[in-house]
Amino acid sequence: MTLSGTLAGKTALITGASSGIGQSIAQRFLAEGMNVVLFGRNKQNLQQVAQEHDGRACIVVGDVTAAADRQRLVQSAVDQFGHIDVFVPAAGVLTFAGVEQVTEQVLLHHLNTNFISIVELTNLVVPHIPRGGSVVFISTSITSGGFPGLAAYSASKGALEAYMRTAAVELAAKDIIVNAVAPGPTKTPIWTQALPPEILQQVAATIGPRLLTREFGDPEAVADAVMALAFNPSIRGQRIVTDAGYGIN
Ligand SMILES: NC(=O)c1ccc[n+]([C@@H]2O[C@H](COP(=O)([O-])OP(=O)(O)OC[C@H]3O[C@@H](n4cnc5c(N)ncnc54)[C@H](OP(=O)(O)O)[C@@H]3O)[C@@H](O)[C@H]2O)c1
């Protein structure tokens with residue numbers, strides 16, 4: 001279902017738009033007729049998403065952990081479109097490390113990208129979100145359970161969810177809607193980058209039976225959930241899980 005027409009002229013800023021879930025969200029918003037500012041490090045991938053949307057898609061190449069890049073991103077969005085109706089910080093990293101291997105370096109890697117840079121970017125974006133606008137964070141379904149090897153990753157997303165609830169309460173004063181989508185295992189490069197093929201096969205074989213669909217989800221399902229949250233003022237401070245039943249099975 002598309003809402004084309006009703007959303008034309010609205011502007012979204014999406015980080016992680018060069019791959020996987022962020023890319024899918026960007027494509028969905030563009031299909032709805034929105035203006036989209038796409039951010040990531042891989043210029044070629046960003047250009048592929050933006051092509052055929054001249055004038056409505058603006059790409060900004062940069063590293064979300066770099067303060068200067070974050071400032072340039074928000075300034076570019078405002079220069080191009082004037083304001084930001086929907087902010088979706090989807091950029092994230094995931095590496096496997098057992099509980100006894102979670103070093104300060106591993107923790108900082110996850111916290112810097114998955115939490116601190118998002119908080120810093122939110123500080124810069126919020127002044128440019130008009131009343132009725134929204135923020136949709138991308139968490140993970142595993143913050144409510146335990147997943148071997150992902151303690152640092154899960155902790156970084158847990159921090160993000162706690163932050164999201166307070167942001168939802170405070171930013172209501174500016175009539176800004178704040179929520180999070182918590183995807184379960186989803187078919188994106190994050191898995192193939194984190195694990196060698198033979199280990200990934202074993203992990204997928206463990207996860208598969210708990211998914212009521214029996215397979216990893218499509219990033220488009222996450223984009224659908226983001227779309228549902230971005231424009232609904234009755235849903236506030238929620239964590240919407242798209243995990244095909246993994247958490248209940
Ligand atoms: N796939 C899943 O099963 C799953 C489940 C739950 C939650 N998530 C979350 O969904 C989000 C998207 O992940 P994905 O699965 O779509 O993975 P992905 O395909 O690997 O995409 C990750 C994205 O994050 C960007 N990124 C990472 N570090 C960055 C940095 N320092 N600066 C700028 N951009 C950076 C990447 O950009 P470049 O490639 O351009 O560097 C890429 O666009 C993440 O927050 C992840 O935690 C994924």
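Selection of the stretch 7-33 for residues being surrounded by 24 or more Cβ atoms within 10 Å (Cβ to Cβ) and more than 10 Å from the ligand (Cβ to nearest atom) yields Thr11, Ala12, Leu13, Phe29.
Taking each residue of the stretch 207-223 that is among the polar types (S, T, N, Q) and looking for partners that are surrounded by 18 or more Cβ atoms within 10 Å (Cβ to Cβ) and part of a helix (DSSP H, G or I) with beta-carbon atoms closer than 6 Å, six or more apart or interchain, yields nothing. In this structure, is Leu124 within 20 Å of Ile84 (Cβ to Cβ) and within 16 Å of the ligand (Cβ to nearest atom)? Yes: the conditions hold for Leu124.
For the stretch 76-95, filtered to residues that are within 13 Å of the ligand (Cβ to nearest atom) and crowded, with 17+ Cβ neighbours inside 10 Å, the residue that is farthest from Phe231 (Cα to Cα) is Leu94. Candidates in the stretch 207-223 are the residues that are buried (at least 16 other Cβ atoms within 10 Å of the Cβ) and of a type in the set (D, E, K, R); of these, the one that is nearest to Gly16 (Cα to Cα) is Asp218.
Does Val36 satisfy the condition of being farther than 30 Å from Ala152 by Cα, within 15 Å of the ligand (Cβ to nearest atom) and under 16 Å from the mean Cα position of the chain (by Cα)?
yes
In the set (1) within 15 Å of the ligand (Cβ to nearest atom); (2) touching a strand residue (DSSP E or B) at 6+ places or on another chain (Cβ under 9 Å), the condition left unmet by Leu108 is number (2).
So, of the residues in the stretch 35-72 that are acidic (Asp, Glu) and modelled with pLDDT under 95, which turns out to be surrounded by the most Cβ atoms within 10 Å (Cβ to Cβ)? Across the stretch 35-72, the extreme among qualifying residues is Glu52.
Collect the residues in the stretch 116-131 that are part of a helix (DSSP H, G or I) and not aliphatic (A, V, I, L, M), keeping them in residue-number order.
If we filter the stretch 116-131 for residues that are part of a helix (DSSP H, G or I), which is where we start, we get 116-128.
Within the stretch 116-131, Ser117, Glu120, Thr122, Asn123, Pro127, His128 qualify.
Restricting attention to the stretch 127-144, which residues are away from the ligand (no atom under 15 Å from the Cβ), in contact (Cβ under 8 Å) with a residue 60 or more places away in the chain and of a type outside the set (Ser, Thr, Tyr)? Gly132, the sole residue that qualifies. Among residues that are in contact (Cβ under 8 Å) with a residue 40 or more places away in the chain, β-branched (Val, Ile, Thr) and out of contact with any Leu (no Cβ under 9 Å at 6 or more places or on another chain), Val106 is included.
Residues are listed down the side, and each one gets a yes or a no for (1) of a type in the set (Lys, Arg); (2) touching a residue at least 60 places away in the same chain (Cβ under 8 Å); (3) touching a strand residue (DSSP E or B) at 6+ places or on another chain (Cβ under 8 Å):
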site: Ala31; (1), (2), (3): no, no, no
site: Asn35; (1), (2), (3): no, no, yes
site: Arg41; (1), (2), (3): yes, no, yes
site: Val61; (1), (2), (3): no, no, yes
site: Ala67; (1), (2), (3): no, no, no
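Would you call Ala182 surrounded by 13 or more Cβ atoms within 10 Å (Cβ to Cβ), within 25 Å of Ser117 (Cα to Cα), in contact (Cβ under 8 Å) with a residue 60 or more places away in the chain and of a type in the set (A, V, I, L, M, F, W, C)?
Against the criterion (surrounded by 13 or more Cβ atoms within 10 Å (Cβ to Cβ), within 25 Å of Ser117 (Cα to Cα), in contact (Cβ under 8 Å) with a residue 60 or more places away in the chain and of a type in the set (A, V, I, L, M, F, W, C)), Ala182 qualifies.
The values are calculated or read from the model by the stated rules, or taken from the named source; none is laboratory data. Nothing here was measured: the structure is a model prediction, and the numbers come from that model. Glycine gets a Cβ as well: all are built from the backbone with ideal geometry, and neighbour counts include every protein chain shown.
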